[in-house]
Each structure stands twice: as C-alpha cells, then as structure tokens.
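The values are calculated or read from the model by the stated rules, or taken from the named source; none is laboratory data. None of these values were measured; they are calculated from a predicted model. As a convention, Cβ positions derive from the backbone with ideal geometry for all residues, glycine included, and neighbour counts pool all protein chains shown. To get the accessible areas, we keep the full protein, side chains included, count just its heavy atoms, and leave off ligands, DNA and RNA. Shrake-Rupley method; radii C 1.70, N 1.55, O 1.52, S 1.80 Å.
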Amino acid sequence: MTAKKPGTGGNVYIPYEKRTGEESVVYFTRDLSPEGLIRMYDRVSSNLTGKIAIKLHTGEPEGPNIIPRPWVRSLLDERLKDKGTIVETNTYYDGGRYTTEDHRKTLETNGWTFSPVDIMDEEGVATLPVHNGKWFTEIHVGSHLLNYDSFLALTHFKGHTQGGFGGSNKNIGIGCADGRIGKAEIHTTPGSDDQWDIAKEEFMERMTESTHATVDHFGKKISFINVMRNMSVSCDCEGKEGEPVQTPDVGILGSLDILSIDQACVDIIYAMPQHAGRHMIERIESRHGLRQLT
C-alpha cells in the first residue's frame, strides 16, 4: 500500500484523494502473530546495521494492551539476537516507571526478563539538535541513545490522553526524551504549576520536534513498525486504569517513512465500517491529534 502525506491543514481529516503530499510505501499484514511481526521486520530492516535500539512501550505494571512479550521475544531470537536491545526511558509522571529502580521492578513484573532492557536516561541525558524548530533548538534525550547505530521504532498504535493517538511519532518523541528534562520540555511551560499545561497544537508540535531530532540523528538507519491491536483510546502509560478496548484489531504496518506509517494507521481508523473507529476518532479530534500529521 502507499500512504499519501497530508498538506498543511489543521485539525481536520484530509481524505486521501484531496492530499497534495508525496507518497511512500507502507507494508501491511493482517497476521497479528509473532510470524507476522517477523515478516514485517524483514520488509523494513535492511537499513538497520550495527547496534540496534528497539524502542517499544514496556507498559505500566500489568498493563494489558502492550505488544505481547512472546512476539518480541520471537523477533529477538529469530532476527535480532546479539544485535538488538530493547530501550526505554523513565516517566515524567509518578508511577511504576518513574525511577530507574521502580522501572526495573515493573519490567520484571511485566515479564521483560528474556532480554536486557536499556533504560536510556539511567545515567543522565544528552542533547540532540532540532533543525528549523518552532519551539526547540535542541531536545534532551536519554544519554544511552547515542550508543546505538540504528533504531527500530516498534510501536503499539493506540489512543493517547494528550496526543489523541500514539504512533511512531509518540513512541519516539516522548519515549526517547528523558524523564526529567526532555519530557518536561514537551509537556510543561517553564514555571507552570500544571505539569500537563501544554496541550493540543503546541503539544503536537513539541512532541514532533523531539521526534525530528532522533530521526535526524539516525538518518537512513531507522525503521518503523506499528502494531494495530488492543487499541484503547488510552495510552499504555495508563496501564490497568486505561479505557476498555472498543476498536477492532487490524494488523501490522511497516515503513521507512514515519509520517506515512502514522498517516496510514489514522487512515485505517477513519475508514473502518459502521463507525467502528468512532471512539478513536473522537479521541484524536478532541485532542487536535491530527496536527501530528501536518
């Protein structure tokens, strides 16, 4: 399949035939299984060399909707043994992943014990430049990010309380920012008493500029896989407290183009028959999440 990129609109969904952007290839399979994930990896991984960071959301304690651990284990065993490392950062909110110590306990609780997990901000931060940014000239990320040669964004596509939807953009922009400085730069106006006072268009722009820095850093050595399964309107950050899943499972998408893969996932949500995607669409539009794509 191909995904045509949107123009410069705001929070309005632009149908495919009315877009003016270029097209990129997005691969798709309905096979939601370890084998399906491995085949998708094979489609988009030829550019990944050296030491590979695998950025995925490992979830709050006993979170129900994350990418299944056996799928990730199969991918590591079959394709990424001795090459790939799961990477994460600590959270900005107080919870099961706020400190490195608690984060490691949660990793054990959630069964991420079959492979090392690199908490990238465990030893501090690094800065990456943001080219032509509106809000940033640089963004803070976990310092260990710089230890990797290539990057695989392995994303559970779902809704998001602030972003409307969480795709590859959110997985990288929030997920690579360190838990104290970088995430604060995205979420909070300096001096504000409200930790989450940045929202809607400004939040989308800040998050995307953070993503931009990481994508630029890895250049062509970055690939994207989005798993459209167990799609609550809540982010995996909400764990067991998240909203129930009301959107049908779809499949797995892969691409070398971050905008096209997230756009393709949104297109699938909007194209669902009999209003099956209405809960996700309401979440996306109420948070002005389409700004991520423009």
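Annotation note: Cβ proximity below 6 Å between a residue of the range 235-249 that is surrounded by 14 or more Cβ atoms within 10 Å (Cβ to Cβ) and a residue that is among the charged types (D, E, K, R) and in a loop (DSSP other than H, G, I, E, B) (sequence gap 6+ or interchain) occurs for Gly239/Glu60.
Against the definition (open to solvent by less than 10 Å² (accessible area, probe 1.4 Å), polar (S, T, N, Q), touching a Gly at 6+ places or on another chain (Cβ under 9 Å) and farther than 23 Å from Glu22 by Cβ), how does Thr211 come out, yes or no? It is false that Thr211 is open to solvent by less than 10 Å² (accessible area, probe 1.4 Å), polar (S, T, N, Q), touching a Gly at 6+ places or on another chain (Cβ under 9 Å) and farther than 23 Å from Glu22 by Cβ.
Looking at the structure I just gave you, is Asn226 open to solvent by 10 Å² or more (accessible area, probe 1.4 Å) and under 20 Å from Val72 (Cβ atoms)? Against the criterion (open to solvent by 10 Å² or more (accessible area, probe 1.4 Å) and under 20 Å from Val72 (Cβ atoms)), Asn226 does not qualify. The number of residues in the range 124-158 that are open to solvent by 20 Å² or more (accessible area, probe 1.4 Å), in contact with a helix residue (DSSP H, G or I) (Cβ under 7 Å, 6 or more places away or on another chain) and under 25 Å from Thr49 (Cβ atoms) comes to 2.
No other residue among Glu88, Glu138, Glu62 is among the acidic types (Asp, Glu), in contact with a Leu (Cβ under 9 Å, 6 or more places away or on another chain) and within 15 Å of Gly239 (Cβ to Cβ) apart from Glu88. Within the range 70-112, the set of residues being part of a loop (DSSP other than H, G, I, E, B), under 27 Å from Val44 (Cβ atoms) and without any contact (Cβ under 8 Å) to a residue 60 or more places away in the chain comprises Lys81, Asp82, Lys83, Asn110, Gly111, Trp112. For the range 257-283, the tally of residues that are over 16 Å from Arg19 (Cβ atoms) and under 14 Å from the mean Cα position of the chain (by Cα) stands at 1.
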